[in-house]
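*Asks:* One structure coming up, written as structure tokens, with questions to follow.
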Amino acid sequence: MTIQNTFLTTTASNICVGSTGVTAITAMYFCNTSPSATTFSVYLVPAGTATPAPVNLIYNNVLLEAYDTYVIDMEKLMLGLGDTIQAVSQSNNAITASVSYMSM
């Protein structure tokens, strides 16, 4: 199992990239480290697509209260080579995204 941690910014960026074979996402955690509420969105972007679009949204403007954590562990995602999970926040460096995954 591998863990990747990333601060979210106001520009959508990769929080996980599919590697060779299949990458199985087991859980994602979004932790607001700031004293203010903020929102985040998550996109599931297929390989060959550089930027996310509304058609790629899987979580849209989720409100995360100050110092709270949002856990996504019920849905299991499988990424192929080059597929990405991208996320964006309304506040720079307020939310940490932690992704737990296995490459098979």
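Any read-out appearing in this document is the output of simple, stated calculations on the displayed coordinates, not a laboratory observation. As the structure is a computational prediction, the values presented were derived from the model and not from experiment. So basically every Cβ, Gly included, is an ideal-geometry build from the backbone, and we count neighbours across all protein chains shown.
*Asks:* Are there any pairs, at least 6 apart or on different chains, whose C-beta atoms fall under 8 Å, with the first in the stretch 66-79 and at positive phi and the second in a loop (DSSP other than H, G, I, E, B), and if so, which?
*Replies:* Listed by first residue and then by second, the contacts come to Tyr67/Thr33; Tyr67/Ser34; Tyr67/Pro35.
*Asks:* If you don't mind, there's one more thing I want to ask. Among the numbered criteria (1) surrounded by 16 or more Cβ atoms within 10 Å (Cβ to Cβ); (2) part of a strand (DSSP E or B), which one does Thr6 miss?
*Replies:* (1)
*Asks:* Moving on to the next point. Between a residue in the stretch 1-23 that is within 14 Å of Ile95 (Cα to Cα) and any residue that is of a type in the set (Phe, Trp, Tyr), which pairs come within a Cβ distance under 7 Å, given they are 6 or more apart or on different chains?
*Replies:* The qualifying pairs are Leu8/Phe40; Ala12/Tyr43.
*Asks:* Something else about it: Identify all residues within the stretch 62-77 that are surrounded by fewer than 12 Cβ atoms within 10 Å (Cβ to Cβ) and either in contact with a helix residue (DSSP H, G or I) (Cβ under 9 Å, 6 or more places away or on another chain) or not charged (D, E, K, R) (or both); write none if there are none.
*Replies:* Val71, Met74
*Asks:* Looking at the stretch 65-104, which of its residues are among the polar types (S, T, N, Q), over 13 Å from the mean Cα position of the chain (by Cα) and closer than 23 Å to Gly18 by Cβ?
*Replies:* Ser103
*Asks:* What is the residue count in the stretch 25-62 for residues that are under 16 Å from Asn5 (Cα atoms) and either of a type outside the set (Ser, Thr, Tyr) or without any contact (Cβ under 8 Å) to a residue 12 or more places away in the chain (or both)?
*Replies:* 8
*Asks:* Then there is this: Read through the list (1) within 23 Å of Asn93 (Cα to Cα); (2) surrounded by 12 or more Cβ atoms within 10 Å (Cβ to Cβ), then give the number of the only condition that Pro46 fails.
*Replies:* Just one mismatch for Pro46, condition (1).
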